[in-house]
Structures are given as C-alpha cells and as structure tokens.
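Trainee: I have a structure here, written as structure tokens, and I will follow up with some questions on it.
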Amino acid sequence: MYALDLTPDANILFASDSILDILGYQPDEVKGQSAFDYFHPEEVPFARSVHSRGVLLDKAAVLHYARVLSKTGQWMSCECCFTVVHNVLVASTSIYFKGERSESMNSTYCKAHSLPLTYT
C-alpha cells in the first residue's frame, strides 16, 4: 500500500513495507518520488490521465494495469487500484506471475495494448 499526493506528479507520501517484497525498494527509497518514475515510459501518459481523472472526479475506486519498474530493473506486470481519501490518493499494487488466476485479466489487458506478458 502507498499514499500519493493529489498533484499532477503523484508524489509518494508513504509506502508500506510490502513494497520491499513486491518491487524490492525500501519505503524510504521511494518517498518523495513521483509514482510515474516507476511506470514504463510508454504507459506514463495514460497513467497520468487515469490519475488526473481519478482525482478530478474523486473516484471511489480506479483500477489500472501497467508495467512497474522493480529495483532490479525488471518491468513487472501489475494491477494498480486506487481511491481518493480526503487529501491523498491511497493505492495498492498487485504483481501478476504466470499461472495465477488473475493471469487471464492481465492477458486480456496486454493483448489489448500489444504488450508482452512477461517483462525483462
């Protein structure tokens, strides 16, 4: 879980310890950074659009599929779910690995966006 400010840069205000397990970063390493620094460059414009619409419309929940950069430099296929709570955006990220039940959703997303299912 992490919390972002509502600015267009979506700066990371807080990251839970689970970020170490999921992406390999220590929470303090990402604090103050733009969340978009970790998205694949091809997906940043769409991610910014999703973020700004979610903030503008004060959405209860938004789901977005994207590639996120791990500390090892690997692009991880993930599902990002966020909601606006008061003056922050609270989000969670789930990483998909081949064989998991949700792989079919990830596969559909990747095919629709001409993305590979595994990122190296």
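Trainee: Restricting to segment 42-87, what's the tally of residues that are polar (S, T, N, Q) and without any contact (Cβ under 8 Å) to a residue 24 or more places away in the chain? If you could, list the steps in order and put the result at the bottom.
Mentor: First pass over segment 42-87, keeping only residues polar (S, T, N, Q): 49, 52, 70, 72, 74, 77, 83, 87.
Narrowing further to those that are without any contact (Cβ under 8 Å) to a residue 24 or more places away in the chain: 49.
The qualifying residues number 1.
Trainee: Now for a different question. Filtering segment 1-35 down to residues that are surrounded by 18 or more Cβ atoms within 10 Å (Cβ to Cβ), of a type outside the set (Val, Ile, Thr) and in a helix (DSSP H, G or I), which residue is farthest from the chain's Cα centre (by Cα)?
Mentor: LEU23
Trainee: With respect to SER49, determine if the residue is modelled with pLDDT of 85 or more and outside any loop (DSSP other than H, G, I, E, B). Walk me through how you get there before you give the answer.
Mentor: Working: modelled with pLDDT of 85 or more: yes; outside any loop (DSSP other than H, G, I, E, B): yes.
Criteria met by SER49.
Trainee: Taking the conditions exactly as written (buried (at least 20 other Cβ atoms within 10 Å of the Cβ), within 20 Å of ILE19 (Cβ to Cβ), touching a residue at least 60 places away in the same chain (Cβ under 8 Å) and not polar (S, T, N, Q)), does PHE39 satisfy them or not? Can you show your working first?
Mentor: Values: buried (at least 20 other Cβ atoms within 10 Å of the Cβ): yes; within 20 Å of ILE19 (Cβ to Cβ): yes; touching a residue at least 60 places away in the same chain (Cβ under 8 Å): no; not polar (S, T, N, Q): yes.
For PHE39, the condition - buried (at least 20 other Cβ atoms within 10 Å of the Cβ), within 20 Å of ILE19 (Cβ to Cβ), touching a residue at least 60 places away in the same chain (Cβ under 8 Å) and not polar (S, T, N, Q) - is not met.
The values are calculated or read from the model by the stated rules, or taken from the named source; none is laboratory data. Worth saying up front: this structure is predicted, and the values here are computed from it rather than measured. Every residue, glycine among them, receives a Cβ derived from its backbone with ideal geometry; neighbour counts consider all protein chains shown.
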